[in-house]
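The values are calculated or read from the model by the stated rules, or taken from the named source; none is laboratory data. Keep in mind it's a predicted model, so treat the numbers as computed, not measured. A quick note on method: Cβ atoms are made from the backbone with ideal geometry, for glycine too, and the neighbour counts reach across all protein chains shown.
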Amino acid sequence: MKFIGYRCSQCQTEYTPGEAGYACPKDGGNLDLVLDYSGIQRATTPAQLSQSRDNSIWRYLALLPVDPPGHQGTPLWAVGWTPLLRAERLGAELGLEHLWLKDDGRNPTASFKDRASAVVVARAEQIEASTVVTASTGNAGAALAGMAAAAGVPAVILAPKNAPAAKVAQLLIYGAAVYLVEGNYDDAFDLSLQAADRYGWYCRNTGYNPFTAEGKKTAAFEICEQLAIAADASHGVGGVSSWRAPEAAFVSVGDGNIISGLHKGFVDLHQLGWIEQIPRLYGVQSTGSAAVANAFKAEAHRITAVHADTIADSIAVDMPRDGLRALRAARETGGMILAVEDAAILAAIAKLGAEAVFAEPAGAAAYAGLEEAIRLGLVARDETVVVVITGSGLKDVPAAMRAAGEAMVIDPTLEALDAAVAARQ
Ligand SMILES: *Cc1c(COP(=O)(O)O)cnc(C)c1O
Ligand SMILES: [Zn+2]
């Protein structure tokens, strides 16, 4: 079995797969999954994986700590293998020769969170959990509700009462049992742990369930494989044999689980000897929700809660649940955790739109972070840079309207159109 145990990211205690389930029993630290790298090396190669016709996260089953889920042909098997898009115009604007956008809004429930939820649902099937539960303000719940629906597993979502209406609608449409908690996300989080305990439900909570990062790491695998395919003149026919890591990757940070998962993915590939270097990882927060960025700047080893207030609701977090591993991801790779203003996030939505990518604010924040990094001189012209766009703009249409401005209203005549076209120039 390739999954051989857990290691606490704080106290480094190791546990066997049967000994631990969620966080470290000693100190509550997030657990990293330990894989049998030499076993994986004996079992497969990058060239072999690249020959897979499975265009989903399950092409990387050999590196995942779960058995394959059932339900082939459902959205559970349509998660991942999202496009890695060349952004030539934005690259030229920023003075970068190799800029790429990984568009994870193109997942079945329209966010990066599907990667985690698909792996958690596979795990739930394996341990024969009757029901899955999560606390969520939006995308994680939608992803769990969607993936659970695909597998026919009942899902319970506990969301704070002020969760955005569009996201609550998505939960209900996927048929989850949705309970809106009078309180904030932290209240919903605590209640979900008690509920999991009382009813024996399997809990997906971010920064608590160690399998979420294992799902999220698949984006790192895809980036390295897709960069190799793009560089390969034979267009990947017969499978590309040497995968390529970028020099730097940018992703937004709320709880810090996505950047931790990406880090794990690059570390896995590096440990296997399949990539030459681990990219510098840059996490991006809003200045209105900057608990991890504050700790990075202060060179602290603890995180101090903030009162989050940002237009980017998916990264509005008072007390990040995976902040320490997010700090580790940035520090160990020579990256950084940056903070950008909401105005820069809104402007980034419009800039990405010009490359035909529609991002929700938390997705566009990563691009605003790249702009900031370039101002700070952190990225060189010839480096390969990937910006991970974590959620679709359709998730938050009011924010998109703020970024886009108003459309002109005209009379249905050619004269009126003439005047309007002239006024636009
Ligand atoms: C959850 C989420 C993030 C942040 O991920 P964390 O693991 O909380 O850091 C970023 N963007 C979108 C769209 C998200 O849904
Ligand atoms: Zn520990």
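In table form, for the structure just shown:
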quantity	calculated
Answer residue from the stretch 353-410, given it is more than 20 Å from Leu281 (Cα to Cα) and charged (D, E, K, R) and is nearest to the chain's Cα centre (by Cα) among those	Glu360
Whichever residue in the stretch 1-27 is within 15 Å of Asp268 (Cα to Cα) and touching a residue at least 60 places away in the same chain (Cβ under 8 Å) and, among such residues, is farthest from ligand 2 (Cβ to nearest atom)	Lys2
Failed condition for Leu99, given (1) surrounded by 24 or more Cβ atoms within 10 Å (Cβ to Cβ); (2) within 22 Å of Pro210 (Cβ to Cβ); (3) among the hydrophobic types (A, V, I, L, M, F, W, C)	(2)
Segments classed as helices (runs of 4 or more DSSP H), wholly inside the stretch 57-171, with at least 1 members that are in contact with a Gly (Cβ under 7 Å, 6 or more places away or on another chain) and touching a residue at least 60 places away in the same chain (Cβ under 8 Å)	114-126, 139-151
Criterion: modelled with pLDDT of 95 or more, among the small types (Gly, Ala, Ser) and out of contact with any Asp or Glu (no Cβ under 6 Å at 6 or more places or on another chain) - qualifying residue of Gly256, Gly239, Gly261	Gly261
Of residues in the stretch 1-42 being out of contact with any Pro (no Cβ under 9 Å at 6 or more places or on another chain) and of a type in the set (Ser, Thr, Tyr), the one nearest to ligand 1 (Cβ to nearest atom)	Ser9
Top-ranked residue in the stretch 327-342 [being out of contact with any Ser or Thr (no Cβ under 6 Å at 6 or more places or on another chain) and hydrophobic (A, V, I, L, M, F, W, C); ranked as farthest from Leu376 (Cα to Cα)]	Leu327
Cβ-Cβ under 9 Å pairs, at least 6 apart or on other chains, the stretch 376-400 side in the same structural domain as Asn257 (by TED's automatic domain parsing), far side modelled with pLDDT under 95 and surrounded by fewer than 16 Cβ atoms within 10 Å (Cβ to Cβ)	Leu394/Ala166; Lys395/Ala166; Asp396/Ala166; Val397/Ala166; Pro398/Ala166; Ala400/Leu394
Pairs where the first residue, in the stretch 28-48, is without any contact (Cβ under 8 Å) to a residue 40 or more places away in the chain and the second is within 16 Å of ligand 2 (Cβ to nearest atom) and in a strand (DSSP E or B), C-beta under 6 Å, 6+ apart	Val34/Gly5; Val34/Arg7
Looking only at the stretch 216-272, and only at residues there that are closer than 25 Å to Ala308 by Cβ and among the polar types (S, T, N, Q), the one that is farthest from ligand 2 (Cβ to nearest atom)	Ser252
